[in-house]
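What follows is a set of notes on a single structure, which appears directly below.
The values are calculated or read from the model by the stated rules, or taken from the named source; none is laboratory data. Computed from a predicted model, the values in this text were never measured in an experiment. So basically every Cβ, Gly included, is an ideal-geometry build from the backbone, and we count neighbours across all protein chains shown. The accessibility values were calculated without ligands, DNA or RNA, using every heavy atom of the protein model including side chains. Shrake-Rupley method; radii C 1.70, N 1.55, O 1.52, S 1.80 Å.
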Amino acid sequence: AVLRLYHEGMRRGMEVDWPKFNELLTWAPGHLTVVGGYPGSGKGEWLDDLFVRLARLHGWKFVVYSPENYPVELHLAKLLMKVRGKPFGVGPSERMTEEEVLQGMTFLDEHFRFINPETPTLGNLLELARIEKRRFGANSLLIDPMNEVITNPKGGETLAEYISTMLSELKRFLRVNMMHGFLVSHPRKPIPTNKALVPGPFEA
């Protein structure tokens, strides 16, 4: 392994058909990506687009916990628009046909599984992801958003310490199961201002 590293260097992760973005970031199993942004900033739409590209180009399979996108058929409709490149509903532009919907659903069924445990603790989410890894071959997990995961700090443990422990557990799970994790985290609400908001580091 050391000699391979010597001769070949660090292997790049998976790229998608975003040439400029690929210069900044690629995707590989065993890692965690945290996605942040204010509500309505397009985090979910961007992730859906990325997931469809990773599924189409590299065969990735996703376990999705996204209570903000329930019911599941609504999320599937959003994904179908990424798959087909056409509107799902009636509007000024030509919408996808029923046949295109069914063809798109076949693709989504091959690459996406949705989970919704009654008690959404991190442990329960990871157990369901482990099951889908075994029977579906999943290699990616989405938790969207983090604040929908039930937290239960132990006595004397601060919330920050508990979240640090959760993140360590999540990253350990991803490394052991060779899955890439996507975690959506909402920043604190911005202070009202008449100035345009500029993206940057935030405190979760």
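Among 136, 102, 71, which residue has its Cα positioned farthest towards the positive end of the charge dipole of the chain, with +1 placed on the Cβ of Lys and Arg, -1 on the Cβ of Asp and Glu, and the dipole taken about the Cα centre? In the chain, that residue is 136. The accessible area of residue 175, taken with all protein chains in place and a 1.4 Å probe, comes to roughly 130 Å².
Rounded to the nearest 20, the size of the Cβ-charge dipole of the chain about its Cα centre is 560 debye, with Lys and Arg at +1 and Asp and Glu at -1.
Legend: calculated FRET efficiency, residue 169 to residue 100, from the Cβ-Cβ distance at R0 = 45 Å, rounded to 0.05, equals 0.65. Only one residue of 160, 55, 39 has its Cα farthest out toward the positive end of the dipole of the chain, where Lys and Arg carry +1 and Asp and Glu -1 on Cβ, and that residue is 160.
By DSSP, the beta bridges lying fully in the chain are antiparallel in about 5 percent of cases. With a threshold of 26 Å on the Cα-Cα distance, the over-threshold entries among 20/43; 133/154; 61/171 are 133/154.
For the chain, modelled as a GNM whose springs connect Cα atoms under 10 angstrom apart, the maximal fluctuation among 47, 80, 57 occurs at 57. With both labels modelled 7 Å from their Cα along Cα-to-Cβ, the residue 10 to residue 28 distance reads 0.7 nm. Could you look at the range 1-129 and say what percent of its accessible area is carbon and sulfur, using a 1.4 Å probe and all protein chains? Roughly 56 percent of what the probe reaches on the range 1-129 is carbon or sulfur.
Take the range 1-135 with all the other protein chains still there, run a 1.4 Å probe, and you get 61 Å² of accessible area per residue. What the Cα atoms of the chain give is an Rg and a Dmax of 18.6, 59 Å. Counted without the sites themselves, the longest stretch of the chain free of GluC sites (Glu not before Pro) in a DSSP loop having at most 14 other beta carbon atoms within 10 Å is 24-93.
Rg then Dmax, both in Å and based on the Cα atoms of the range 26-143: 14.7, 45. For the chain, a Gaussian network of Cα nodes joined below 10 Å ranks 49, 144, 17 by mean-square fluctuation, and the top entry is 17.
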